[in-house]
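Just so it is clear, none of the values below were taken in a lab; they were calculated from the coordinates. A quick note: this is a predicted structure, and the numbers were derived from the prediction, not measured. Don't worry about glycine lacking a Cβ; one is built from the backbone with ideal geometry, like all the others, and counts go over all protein chains shown.
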Amino acid sequence: MEYLLIFISAIFVNNIVLSQFLGICPFLGVSKKIETALGMGAAVAFVLTLATIVTYIVQTYLLNPFGLQYLQTLAFILVIAALVQMVEIIMKKLSPALYQALGIFLPLITTNCAVLGVAILVIQKDFNLLESVVYAFSTALGFALALTVFAGIREQLEMAEIPKGMRGMAVVLVTAGLLSLAFMGFSGVDGGLKVLFGIE
């Protein structure tokens with residue numbers, strides 16, 4: 001049940017974009033079309049899950065035993081950069097259309113603070129490897145959900161008559177704020193689940 005709690009909490013209650021405000025750059029940049037948002041969500045899910053596994057292993061078996069915890073951020077950034085390069089090469093071979101659609105935002109996963117943030121959060125929360133993987137994957141699903149919903153709203157906004165002063169980034173930021181408020185409605189769900197399943 002703890003894994004279910006981590007899963008639900010990471011997607012809805014503590015959404016990485018809408019609650020913790022990590023990964024805002026791709027959230028605003030890649031959310032013009034649903035297709036691109038889904039592709040970005042899949043790429044982030046793959047990188048986030050894989051990066052969390054590798055960084056957990058690096059932290060547990062390399063940094064902690066040798067007292068090199070102060071190199072955590074540098075080591076994690078290097079691991080994430082290498083993984084993003086790998087994803088970029090694979091995507092270029094397997095799906096050139098998606099690679100072209102993502103454009104500059106695929107290399108931006110390297111500097112996406114959500115990926116680094118989750119890698120550091122699993123260490124701070126003292127999760128084991130399985131909990132870390134569940135947390136990373138569900139966080140990536142939460143990111144993809146927020147990105148896709150936001151892309152759908154933005155596609156609808158393009159057909160709406162928006163006042164001149166609100167066009168462009170203004171309406172996008174207001175919409176992002178309203179979506180964040182909507183996700184606040186899930187706060188307390190994790191507490192209710194803890195009571196329901198008797199988890200301390």
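Quick look at the values:
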read-out	value
Cα centre as origin, Lys/Arg/Asp/Glu Cβ charges: the chain dipole, Debye	480
CD proxy at 222 nm, helix term only [per DSSP H run n ≥ 4: -39500 (n - 2.57); per residue of the chain; nearest 500]	-22000 deg cm²/dmol
Sparsely packed GluC sites (Glu not before Pro) within the stretch 64-165, loop by DSSP, other Cβ within 10 Å at most 10	Glu158, Glu161
Sparsely packed trypsin sites (Lys or Arg not before Pro) within the stretch 132-200, loop by DSSP, other Cβ within 10 Å at most 15	Arg167
Cα-based Lys proximity count in the chain, under 24 Å, for pairs eight or more positions apart or on separate chains	6
Cα gyration tensor category, rounded, prolate or oblate, for the stretch 48-117 with a/c compared to 1.5	prolate
Size-normalised alpha-carbon gyration radius of the chain, reference 2.2 N^0.38 Å	1.09
Rounded to 10°, Cα long-axis angle of helix 129-157 versus longest principal axis of the chain	10
In degrees, nearest ten, helix 72-94 long axis to first principal axis of the chain (Cα)	60
Karplus 3J(HN,Hα) series, Hz, for the stretch 17-24 with 6.51 cos²θ - 1.76 cosθ + 1.60 (x for Gly, Pro)	8, 8, 10, 9, 6, 9, x, 5
Folded to 0 to 90 degrees: helix 113-124 orientation relative to the chain principal axis, Cα	30
Sites excluded, chymotrypsin sites (Phe, Trp or Tyr not before Pro) in DSSP loops with at most 15 other C-beta within 10 Å, longest stretch of the chain	67-200
Length released on extending from Glu155 to Leu62, taking residue separation times 0.36 nm less the Cα-Cα span	28.9 nm
Cβ-based charge dipole, the chain, positive-most Cα from Cys113, Ile34, Gln69	Ile34
